[in-house]
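Below is one structure, written out as structure tokens; comments come after it.
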Amino acid sequence: MSKLRISVVQYLNTVPLVRGFTHGPLRNKYDLSFTVPTQCAEALRTGAVDVAIIPAIEYQRIVSQNIGLTILPGLAIASKERVRSLLLLSKVPIRRARRIALDRSSRSTQALVKILAAQRWQSAPEFFEADPNPVAMLADSDAALIIGDAALRIAIAAENKVTRGPDGEWLSTGSFNSPKSAPKPPSKCISPNPNSASTLKKISTTDSTTKTSKASSASSTKAKPKT
């Protein structure tokens with residue numbers, strides 16, 4: 001009998017969900033694969049896996065294609081308080097950003113940034129996807145969305161080097177070096193304003209502090225058996 005195939009987001013924040021599969025009593029009982037959120041969703045959509053941790057917005061997109069999915073109850077990556085693994089870095093005041101690079105690993109956060117631009121910042125920047133490298137992304141844009149462990153490393157490095165800006169954003173007081181091999185971000189980092197989107201309670205980054213309310217950053221879903 002073949003093992004159940006599970007696609008897992010490879011970021012640190014999924015560890016509590018999969019620790020039992022990788023180190024606990026369920027170790028070696030399932031076929032696990034680790035990748036970025038967008039690829040987890042694609043693997044589930046195409047039937048390459050049976051269960052996946054996917055961006056919340058991808059559930060609606062997949063079921064809209066008449067692909068049956070079941071949300072596994074009680075499982076999500078969510079927070080009522082600070083979340084430091086979602087970062088929007090900007091070289092200019094965010095309302096003046098004309099080009100925003102979006103981490104191609106993201107789906108839900110990409111959508112939220114677009115909602116913030118349209119509804120909160122009253123702007124219409126050009127969006128484009130890019131690999132999650134802050135230095136390269138900001139070389140070709142005014143702002144960059146980073147998620148996952150790369151964002152977390154920058155957030156930790158910036159922890160004590162930011163101040164609140166006039167639009168609710170966090171501003172860096174100078175350049176800083178992230179721990180280990182994380183790229184060096186710009187001297188000014190700006191985030192979305194608090195209370196900016198219906199699914200967000202607060203996003204305030206640079207130290208990547210993002211608060212979410214009633215929204216999971218990923219949903220664990222399972223394809224229904226074929227009939």
> Looking only at region 92-115, which residues are touching a residue at least 60 places away in the same chain (Cβ under 8 Å) and either assigned by TED's automatic domain parsing to the domain that holds Thr14 or closer than 23 Å to Asp149 by Cβ (or both)?
Replying inline: Arg104, Ser105, Ser106, Arg107, Ser108, Thr109, Leu112, Val113
>> Let me spell it out: the conditions are (1) in a loop (DSSP other than H, G, I, E, B); (2) crowded, with 19+ Cβ neighbours inside 10 Å, and Ala124 meets all of them except one. Which number is the exception?
In response: (2)
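Return yes or no: is Arg27 more than 30 Å from Arg164 (Cβ to Cβ) and either in the same structural domain as Ser172 (by TED's automatic domain parsing) or basic (Lys, Arg) (or both)? Explain how you work it out, then say what you get.
On the way: more than 30 Å from Arg164 (Cβ to Cβ): yes; either in the same structural domain as Ser172 (by TED's automatic domain parsing) or basic (Lys, Arg) (or both): yes.
Judged against the criteria, Arg27 is a match.
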> Since Ala111 meets every condition but one in (1) under 26 Å from Arg153 (Cβ atoms); (2) out of contact with any Leu (no Cβ under 9 Å at 6 or more places or on another chain); (3) in a loop (DSSP other than H, G, I, E, B), which condition does it not meet?
Replying inline: (3)
> Restricting region 11-48 to residues that are in contact (Cβ under 8 Å) with a residue 40 or more places away in the chain and assigned to a loop (DSSP other than H, G, I, E, B), which is surrounded by the fewest Cβ atoms within 10 Å (Cβ to Cβ)?
Replying inline: Gly47
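Answer yes if at least one residue in region 65-73 is among the aliphatic types (A, V, I, L, M), surrounded by fewer than 21 Cβ atoms within 10 Å (Cβ to Cβ) and not in a strand (DSSP E or B), and no otherwise. Full working, then the answer.
To start, the set of residues in region 65-73 that are among the aliphatic types (A, V, I, L, M) comprises 67, 69, 71-72.
Checking the rest, the ones that are also surrounded by fewer than 21 Cβ atoms within 10 Å (Cβ to Cβ) come to 67, 69, 71-72.
Next, only the ones that are not in a strand (DSSP E or B) stay: 67.
Yes, region 65-73 contains a residue that is among the aliphatic types (A, V, I, L, M), surrounded by fewer than 21 Cβ atoms within 10 Å (Cβ to Cβ) and not in a strand (DSSP E or B).
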> When you look at Ile146, is it part of a strand (DSSP E or B), closer than 24 Å to Ala56 by Cα, modelled with pLDDT of 90 or more and under 18 Å from the mean Cα position of the chain (by Cα), yes or no?
Replying inline: yes
> Just one of the numbered conditions (1) modelled with pLDDT of 85 or more; (2) out of contact with any Asp or Glu (no Cβ under 7 Å at 6 or more places or on another chain); (3) surrounded by fewer than 22 Cβ atoms within 10 Å (Cβ to Cβ); (4) not in a strand (DSSP E or B) is not true of Ser105; which one?
Replying inline: (3)
>> Which residue is nearest to Asp149 (Cα to Cα), if the candidates are limited to region 1-10 and must be aliphatic (A, V, I, L, M) and surrounded by 17 or more Cβ atoms within 10 Å (Cβ to Cβ)?
In response: Val9
>> Tell me whether region 46-63 contains one or more residues that are of a type in the set (D, E, K, R) and under 14 Å from the mean Cα position of the chain (by Cα).
In response: yes
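The values are calculated or read from the model by the stated rules, or taken from the named source; none is laboratory data. In this text the structure is predicted, and so the values were computed from the model without any measurement. Cβ coordinates were reconstructed from backbone atoms using ideal geometry, including for glycine residues, and neighbour counts include every protein chain displayed.
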